[in-house]
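Worksheet: the structure to be examined is printed underneath.
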Amino acid sequence: TAEQTEQLLELSQKHQAVIFPCHNYKHAPIVQAMKKVIDANEVGAIRFVTLTTFRSTHAKGVSSWEDNWRRQANYSGGGIVMDHGYHNFYLTFMFLKSFPTAETAKTFCLDTQYTTEDNCVCTLRFPKGYAQIHLSWTSGCRKIIYTLQGETGACKVEEDVLEITDLEGKVLRTENISSKFNDTSHVGWFHDLFNSFRNEILNKNYCHEQLIEALMCMRVIQGVYTSSQLSSREVSIRPYV
């Protein structure tokens with residue numbers, strides 16, 4: 001919960017321990033390439049972000065215990081919003097270089113044999129833009145599609161292909177960046193993540209960026225469920241102080 005994450009921040013400072021959440025999607029090569037597009041101002045200031053995650057099912061656990069634990073609220077605390085949503089939310093923070101201030105959301109459970117949601121549509125309002133997120137465990141394919149809409153152009157990522165276009169839709173650059181999204185272990189992303197973990201320890205940075213992002217992700221997730229229960233009414237997101 002957001003409240004438990006706040007306690008982790010306090011404990012990290014009190015005991016001078018580095019708590020490092022696994023924000024592994026930030027270390028996918030193609031996501032790092034998107035960050036370079038933003039930092040180089042290649043498409044202008046980013047005003048609108050879309051993140052779509054298509055999956056035909058949820059990731060399964062071990063059959064010797066509960067292979068469908070992600071679909072049982074008493075174990076997982078939530079469905080696709082807690083799982084894929086978490087990763088999508090910290091990516092929006094990175095792309096829009098800020099935290100959201102409000103959100104609207106709707107969750108669905110199409111596979112009704114389970115107790116957690118398998119689809120979600122969410123809009124996050126940021127100080128200088130907004131993001132739309134679509135998550136599905138009931139899609140007809142496995143794919144990710146991300147876009148950055150800037151003042152002078154756009155960046156689109158579909159699996160391992162990055163494409164830059166201008167305001168008229170003319171393709172300026174296309175690049176294939178192997179990120180192996182179909183490898184569910186994402187093992188190739190972790191070397192860079194572990195280096196980041198090590199650096200936080202060496203720098204004695206106890207209340208670091210990733211941990212603050214974790215707190216804001218949990219506040220956004222809490223807001224998704226609240227908004228959905230309120231017929232998709234916009235709810236505010238408590239800022240990090």
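The values are calculated or read from the model by the stated rules, or taken from the named source; none is laboratory data. Source: prediction; values computed, not measured. All Cβ positions, even for glycine, are placed from backbone atoms using ideal geometry, and neighbour counts span all protein chains on display. In case anyone asks, the SASA skips ligands and DNA or RNA and just uses the protein heavy atoms, side chains included. Shrake-Rupley method; radii C 1.70, N 1.55, O 1.52, S 1.80 Å.
Within region 164-180, restricting attention to residues that are surrounded by 16 or more Cβ atoms within 10 Å (Cβ to Cβ) and farther than 19 Å from residue 55 by Cα, which residue is modelled with the lowest pLDDT?
That would be 177.
Given 57, 1, 53, 5, which one is closer than 30 Å to residue 169 by Cα and of a type in the set (Ser, Thr, Tyr)?
Result: 53 is the single residue among 57, 1, 53, 5 that is closer than 30 Å to residue 169 by Cα and of a type in the set (Ser, Thr, Tyr).
Mind checking which pairs have a first residue in region 131-157 that is in a loop (DSSP other than H, G, I, E, B) and a second that is aromatic (Phe, Trp, Tyr) and open to solvent by less than 20 Å² (accessible area, probe 1.4 Å), Cβ under 9 Å, 6 or more apart or different chains?
142/181
Give region 90-126 a look and list any residue that's in contact with a helix residue (DSSP H, G or I) (Cβ under 8 Å, 6 or more places away or on another chain) and β-branched (Val, Ile, Thr), or say none.
104, 107, 115, 116
For region 212-223, check the following and say yes or no: at least one residue is of a type outside the set (Gly, Ala, Ser), assigned to a loop (DSSP other than H, G, I, E, B) and either open to solvent by 70 Å² or more (accessible area, probe 1.4 Å) or under 30 Å from residue 13 (Cβ atoms) (or both). If you could, list the steps in order and put the result at the bottom.
First, pick out the residues of region 212-223 that are of a type outside the set (Gly, Ala, Ser): 212-213, 215-222.
Still in the running and assigned to a loop (DSSP other than H, G, I, E, B): none.
No: zero hits.
Take region 97-130 and flag every residue that is without any contact (Cβ under 8 Å) to a residue 24 or more places away in the chain, out of contact with any Phe, Trp or Tyr (no Cβ under 9 Å at 6 or more places or on another chain) and hydrophobic (A, V, I, L, M, F, W, C).
108, the sole residue that qualifies.
Which condition number does residue 65 fail, the rest of (1) at pLDDT 95 or above; (2) farther than 20 Å from residue 138 by Cβ; (3) open to solvent by 60 Å² or more (accessible area, probe 1.4 Å) being met?
Condition (1) is where residue 65 drops out.
Could you tell me which numbered condition residue 161 fails, if it satisfies all but one of (1) modelled with pLDDT under 95; (2) farther than 30 Å from residue 16 by Cβ; (3) open to solvent by less than 80 Å² (accessible area, probe 1.4 Å)?
Failed condition: (1).
Would you check which residues across region 133-158 are of a type in the set (A, V, I, L, M, F, W, C), within 20 Å of residue 86 (Cβ to Cβ) and surrounded by fewer than 15 Cβ atoms within 10 Å (Cβ to Cβ) and list them?
Answer for region 133-158, where residues must be of a type in the set (A, V, I, L, M, F, W, C), within 20 Å of residue 86 (Cβ to Cβ) and surrounded by fewer than 15 Cβ atoms within 10 Å (Cβ to Cβ): just 145.
Within region 99-108, can one find any residue that is more than 27 Å from residue 215 (Cα to Cα) and either open to solvent by 50 Å² or more (accessible area, probe 1.4 Å) or part of a loop (DSSP other than H, G, I, E, B) (or both)?
No; the residues of region 99-108 include none that is more than 27 Å from residue 215 (Cα to Cα) and either open to solvent by 50 Å² or more (accessible area, probe 1.4 Å) or part of a loop (DSSP other than H, G, I, E, B) (or both).
What tally of residues in region 215-241 results from selecting those that are more than 21 Å from residue 117 (Cβ to Cβ), in contact with a helix residue (DSSP H, G or I) (Cβ under 9 Å, 6 or more places away or on another chain) and among the aliphatic types (A, V, I, L, M)?
Matching residues across region 215-241 total 1.
For region 191-207, does any single residue satisfy the condition of being in contact with a strand residue (DSSP E or B) (Cβ under 7 Å, 6 or more places away or on another chain), part of a loop (DSSP other than H, G, I, E, B) and either surrounded by 12 or more Cβ atoms within 10 Å (Cβ to Cβ) or at pLDDT below 95 (or both)? Before you say what the answer is, go through the steps one by one.
Step one: of region 191-207, the residues in contact with a strand residue (DSSP E or B) (Cβ under 7 Å, 6 or more places away or on another chain) are none.
Scanning region 191-207 turns up no residue that is in contact with a strand residue (DSSP E or B) (Cβ under 7 Å, 6 or more places away or on another chain), part of a loop (DSSP other than H, G, I, E, B) and either surrounded by 12 or more Cβ atoms within 10 Å (Cβ to Cβ) or at pLDDT below 95 (or both).
Can you report the number of residues in region 11-31 which are touching a residue at least 24 places away in the same chain (Cβ under 8 Å) and exposed (fewer than 15 other Cβ atoms within 10 Å of the Cβ)?
Residues that pass the stated criteria total 3.
Restricting attention to region 226-241, which residues are buried (at least 18 other Cβ atoms within 10 Å of the Cβ) and in a helix (DSSP H, G or I)?
Of everything in region 226-241, those that are buried (at least 18 other Cβ atoms within 10 Å of the Cβ) and in a helix (DSSP H, G or I) turn out to be 227, 228.
For the subset of region 161-185 comprising residues that are part of a loop (DSSP other than H, G, I, E, B), under 22 Å from residue 131 (Cβ atoms) and not aliphatic (A, V, I, L, M), which member is nearest to the chain's Cα centre (by Cα)?
181
Working only within region 207-235, note down all residues that are touching a residue at least 60 places away in the same chain (Cβ under 8 Å) and more than 17 Å from residue 90 (Cα to Cα). Give the steps one after another, and end with the answer.
Residues of region 207-235 that are touching a residue at least 60 places away in the same chain (Cβ under 8 Å), as a first pass: 207-208, 210-225, 227-228, 232-235.
Selection gives 225, 227, 228, 232, 233, 234, 235.
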